[in-house]
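Here is the structure we will look at, set down as structure tokens.
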Amino acid sequence: MKFPQFVQIRQAFRGPTIEDVAAEVERELASLQLGGKIAKGQSVAITAGSRGIANITTILRALVAHLQGIGAEPFLVPAMGSHGGGTVEGQLDVLKTLGITEASMGCPIRASMETVVVSEAPEGFPIYCDRQAYEADHLVVCNRVKLHTMFTGNIQSGLFKMMFTGLGKHDGARTYHQAAVNYPFAQIVRGIGAAMIEKCSVVAGLAIVENGQNQTAQIAAIAPQDFEKRESELLALSADWMVKLPFDDADVLLLDEIGKTISGTGMDTNVVGRKFNDHAAVEGETPRIKRIAVRNVVHGNANGLGIAEFCTKRALEATDLAATRINSLTSNHPAAGMLPHDYETDREMLEAALATIGLTPPDQARMVWARNTKDLEQLACSVAYLDEIASREDLELLGDPFELTFDDAGDLPEHVDD
């Protein structure tokens, strides 16, 4: 098969960048005057999630330092639902891969999958909280605010989600995703959030917004009574600044990697245009991508691999099937854990994918090649997009067209920008 030629391009994204992240955390937290609410010697649980948030070690360390500075005794709690295989060891390992350890944070990490039922939702299901967090004198919720990969509304992924899915551990994540089948997500999230704030001694939230370059763009320390208003405002900023693929249509999207540290569904469904349908954009949704091909899985959990049509054999070999099944079933998205057509090499996978795009000859295909759905500042695309690139001020052409180069085994370089 004759493959299309490619070019390297760079996207320009919107959004500011905070230069001194630790200082901004301190400034924001100081505005809440927590010293008047937290007595010296009191324990404060801090949520630590599983996503690859920029500067997360700096942010959490600055949060710990602020609390220690007012005389509190902070500790971190892994707050990631069923991620890490739904085990203590797995969740601690996830934190370690993100650089979050007791040594780097300067405080204990108390990990448990044990929960307590703190209340009952108006809809009749139990509301769970991590026991360690529940038994602390106070709780600070820390998370990035962004679009959710499945749900819509002005509250999606952020402080509220961290309170119920993250702190709910496996018990809560499973229950709440089941409840979302019967009730609107917005209704559930507000009910659970209100109960958690009331019953779990939530004293503050620290919300993070990133720009399209995956850098910290805004940090907001928020009083519990203002969670809903401020999170809604921050979500609008996040949606405006978020990473996007550069084109509205593609025959094939080639991803070097997917994984839970990249997105809750391995690949961000908001980025690939499959938030409402696993294998095609719905009316009015962009981008419209015919086929997705995945080269590798990072950290074992391959939840979201089922959204792709094609993958390599090494992606399957890197998959922890048990962890993937637990996560996809807990999130009530079983298709996300299903397996695509797999091939021994990148060459074979691309030949299969390009043979299914319709009447367009493979060498004329509109194809985008990216590292993952977070790192989209620099990527490659086929020369079919050259005219559009020339007309766009937000796209920079980085060099001359080039042929795909496969090694003796039939594989491409490890990453698109290698």
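The values are calculated or read from the model by the stated rules, or taken from the named source; none is laboratory data. All values derive from a computational prediction rather than experimental measurement. Here the Cβ is made from the backbone with ideal geometry for all residues, glycine too, and neighbour counts use every protein chain on show.
Annotations
- Filtered residues of region 380-393 (kept if farther than 17 Å from M367 by Cβ and either exposed (fewer than 14 other Cβ atoms within 10 Å of the Cβ) or over 31 Å from the mean Cα position of the chain (by Cα) (or both)): A390, S391, E393
- On inspection, V298 does not qualify as among the β-branched types (V, I, T) and either buried (at least 24 other Cβ atoms within 10 Å of the Cβ) or outside the structural domain of P361 (by TED's automatic domain parsing) (or both).
- Every residue from region 51-75 that is surrounded by fewer than 24 Cβ atoms within 10 Å (Cβ to Cβ) and either within 19 Å of S112 (Cβ to Cβ) or among the charged types (D, E, K, R) (or both): R51, R61, E73, F75
- In summary, strands (runs of 3 or more DSSP E) completely within region 339-418 and bearing 3 or more residues that are among the hydrophobic types (A, V, I, L, M, F, W, C) and at pLDDT 95 or above occur at 367-370, 378-382.
- Strands (runs of 3 or more DSSP E) completely within region 1-104 that count 3 or more residues being out of contact with any His (no Cβ under 7 Å at 6 or more places or on another chain), in contact (Cβ under 8 Å) with a residue 12 or more places away in the chain and closer than 28 Å to K169 by Cα: 43-48, 73-78
- Every residue from region 109-121 that is of a type outside the set (G, A, S), out of contact with any Leu (no Cβ under 7 Å at 6 or more places or on another chain) and either surrounded by 14 or more Cβ atoms within 10 Å (Cβ to Cβ) or assigned to a strand (DSSP E or B) (or both): R110, M113, T115, V116, V117, V118, E120
- Residue in region 121-140 that is nearest to A204 (Cα to Cα), counting only those that are of a type in the set (D, E, K, R) and in contact with a strand residue (DSSP E or B) (Cβ under 6 Å, 6 or more places away or on another chain): D137
- Residue in region 189-210 that is more than 18 Å from the chain's Cα centre (by Cα), in a loop (DSSP other than H, G, I, E, B) and closer than 30 Å to S31 by Cα present: yes
- In region 204-246, the residue that is surrounded by the most Cβ atoms within 10 Å (Cβ to Cβ) out of those that are among the acidic types (D, E) and farther than 20 Å from V189 by Cα is E210.
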